[in-house]
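Computed from the coordinates by the stated procedures, all read-outs in this text should not be read as laboratory data. Given the structure is predicted, the values throughout are model-derived calculations rather than measurements. Positions of Cβ are backbone-derived with ideal geometry, glycine not excepted, and every protein chain shown enters the neighbour counts.
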Amino acid sequence: MNPNLDKLMPYPFERLKNLKAGITPKTDKHHIPLSIGEPKHTPPQFIRDEITAQLASMGSYPATKGLLELRQSIANWLVKRFKLDAQTIDPERHVLPVSGTREALFAMAQATIDSSNKKDPIVVMPNPFYQIYEGAALLADAEPWYQNTTADTHFLPDFDSVPEAVWSRCQLVYICSPGNPTGAVIKTDKYKKLLTLADKYDFLIASDECYSELYFDEKNPPAGLLQAANEMGLKDYKRCIVFHSLSKRSNVPGIRSGFVAGDAEFLEKFLLYRTYHGCGTPSFIQQASKLAWEDETHVIENRQRYREKFSAVLDILTPVLDVSQPDAGFYLWPKTPIDDTVFARELYAQQNVTVLPGSYLSREAHSINPGSGYVRIALVAPLDECIDAAERIRSFVNTIQIS
C-alpha cells in the first residue's frame, strides 16, 4: 500500500459520527442536519428535463475533454461573469469539464507535484480548509503548509506572513474564495499579490471558487483569480487554475458536474492525466450542464432564498452568539461559548440539531487550531427548518449561559 495513506486524517464527518455515537437525542424534535454543505433546494426543472431527454447518450463513452458546446458555454460564462477579454478564453485550450470539482482539486496535486531529486515540495493551503487539499498534498508526496485564517486576518490568507523558505519549496497553493467554512471573499488586490509571488517562486495556484455564485449584493459578485490575472494583463492565465461547480450554484450536487479553467499549458497535461484517470463526465450530464451555465435566472432565485434564510437565522442567533453574516457562501461560522466539540455534541443531544465542530476542519499549526471554538452551520435546509434549528440553538445557548 502507498505509505502516505497512513498520513490521512479521518474525514470530518467520520469524526462527527464518532462524536455523536451513543447519544440518543430527544425524540420530541425531528433531526435537522446543518453539518454538511449539501444544497437542499429543488434542482431546476429544466436541468432534470434535459438529463431525461439526453439519456440515450448513455450508450456511448464520453470524451474526457468533454463536448465543445459545453466548453464554449463555460467560456462564455467566464467572460461575462469575471469581465474577461473574450479572445483570451479559448474553449479548446483553457476549459476542461470535470466530474465535480472535488475529484479535480484532488487530481491537480497528483498531476502537479514533482517530488523527484529530493525537492521536498510544499503545498500551501488555508487553515481551516476543505480536507481534499490536505489529502491531495499528502498522497502526492508533498508537505502541507497550513496558513491560519483567523478573525485577526479577517479569515483571509496573509501571504506576506509566509516565510521565504516556504515559498522557495512551494509548488502549489490552494485558495478558496468564498471560503469554506468562513465565507470570506478574497479581493482582487490579494489575488494580484499571490500572482506576483507565483511568478517569482514558480508555483501553480488552485483557486477553489465553488461558492462564488452565492452572494448577497447582486451588483457586487465576488472577484475571481482569472479576473485578477486579466486586470494584470496576464492574458495567458499562466499558473492560474480555477475550479467551478454546478453543485451549489444550481443545487445539483448529485450530477457531479464542474470545470477547471486557466493555464493552457497545465490543462494540456491535466487532460492527459485525466484521460488515464478515467473521469469523463457522462454526455447527458454535459448537455444539461451546458443549459445550466447558460441560465442565470435560477441562480438569482437561489441567492434570494439564501438571503431569506440568513436574515431570519441571524435575527434569532445574534442576541446569543458571536456570529455575523459572511461575505458570501451558505455557512455561518459562530464562536462557541464552550468547546466546539462539546457544543456540537450537546446541541445534538438536547436539540437534535447537527452542526460541525470547527476544530474538525482545521489542523493545529503555528501553535493554534484556528477552527477551535467555532462551529460550521450550513444553511441548506428549507427556510422553516433553518428557523426551527436557529430557535433550538438559541434555547441551547441560553441553557449554557444560565448554568
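Sorted ascending by nearby beta carbons within 10 Å, beginning with the fewest, Met232, Met1, Met108 become Met1, Met232, Met108. How many angstrom lie between the C-alpha centres of segment 83-138 and segment 345-364? A separation of 29 Å, based on Cα centres. For Trp145, the amide hydrogen comes within under 5 Å of the amide hydrogens of Val123, Val124, Met125, counting only partners 5 or more places away or on other chains and with H modelled in the peptide plane.
For the chain, with the dipole built from +1 on Lys and Arg beta-carbon atoms and -1 on Asp and Glu ones, taken about the Cα centre, which of Pro326, Ile255, Val375 lies farthest toward the positive end? In the chain, that residue is Ile255.
Residues whose amide H falls under 5 Å from that of Cys176, counting only those 5 or more places apart or on a different chain, are Asp208, with hydrogens built in the peptide plane.
Placing +1 on the Cβ of every Lys and Arg and -1 on the Cβ of every Asp and Glu, with nothing else charged, gives the chain a dipole about its Cα centre of roughly 360 debye. The listed peptides 97-104, 76-83, ordered by packing as a protection proxy, come out as 97-104, 76-83 (highest mean of other Cβ atoms within 10 Å first). In the chain, helices alone account for a calculated mean residue ellipticity at 222 nm of -12500 deg cm²/dmol, with every DSSP H run of four or more residues adding -39,500 (n - 2.57). With an a/c value of 1.5 or above and a/b not larger than b/c for the gyration tensor axes a ≥ b ≥ c computed over the alpha-carbon atoms, segment 1-59 is described as oblate.
Rounded, prolate or oblate: which fits segment 129-281, taking a ≥ b ≥ c as square roots of the Cα gyration tensor eigenvalues, rounded meaning a/c under 1.5, else prolate when a/b beats b/c? The shape class here is rounded.
Remark: segment 59-295 carries a charge dipole of roughly 360 debye about the Cα centre, counting +1 on each Lys and Arg Cβ and -1 on each Asp and Glu Cβ.
What shape does segment 320-403 take by its C-alpha gyration tensor, where a ≥ b ≥ c are the square roots of the eigenvalues and a/c under 1.5 counts as rounded, a/b above b/c as prolate, and the rest as oblate? Oblate shape, in that a/c is at least 1.5 and b/c is the bigger or equal ratio.
Computing FRET efficiency as 1/(1 + (r/R0)^6) for Asn4 and Phe310, where r is the C-beta to C-beta distance and R0 is 51 Å, gives about 0.80. For segment 185-208, backbone nitrogen atoms closer than 18 Å to the point 7 Å from Asn220 Cα along Cα-to-C-beta are found at 185-191. Projected onto their three principal axes, the Cα atoms of segment 20-142 cover extents of 59, 52, 36 Å, largest first.
Here the relative contact order of the chain, from alpha carbon pairs under 8 Å that lie six or more residues apart, stands at 25 percent. Along the axis of the charge dipole computed for segment 3-112 (Cβ charges of +1 for Lys and Arg, -1 for Asp and Glu, origin at the Cα centre), the listed residues Pro97, Pro44, Pro10 are led at the positive end by Pro10. Over all other residues within a Cβ to Cβ distance under 14 Å of Asp85, the charged ones net out to +1, with Lys and Arg as +1 and Asp and Glu as -1.
Residue ranges 202-210, 175-183, 250-258 sort as 175-183, 202-210, 250-258 when ordered by packing (mean number of other C-beta atoms within 10 Å per residue, highest first). Scalar couplings 3J(HN,Hα) for segment 21-34, obtained by applying the Karplus form with A = 6.51, B = -1.76, C = 1.60 to θ = phi - 60°, are 4, x, 8, 10, x, 4, 7, 7, 10, 6, 6, 10, x, 10 Hz; x denotes Gly and Pro.
Taking every alpha-carbon pair in the chain and binning the separations at 20 Å intervals from zero gives 27, 58, 15, 0 percent.
Placing R0 at 30 angstrom, the Cβ-Cβ distance between Ser324 and Asp236 gives a FRET efficiency of 0.15 after rounding to 0.05.
As a rough guide to protection, the peptides 85-92, 43-50 ranked by mean Cβ packing within 10 Å, highest first, stand as 43-50, 85-92. For the chain, the residue among Gly22, Ser73, Tyr201 whose Cα projects farthest onto the positive side of the dipole built from Cβ charges is Gly22. Using 0.36 nm per residue and subtracting the Cα-Cα separation, the extra length available between Asp49 and Thr275 on full extension is 78.4 nm.
Most simply put, the chain has about 45% antiparallel DSSP beta bridges, counting only bridges with both residues inside it.
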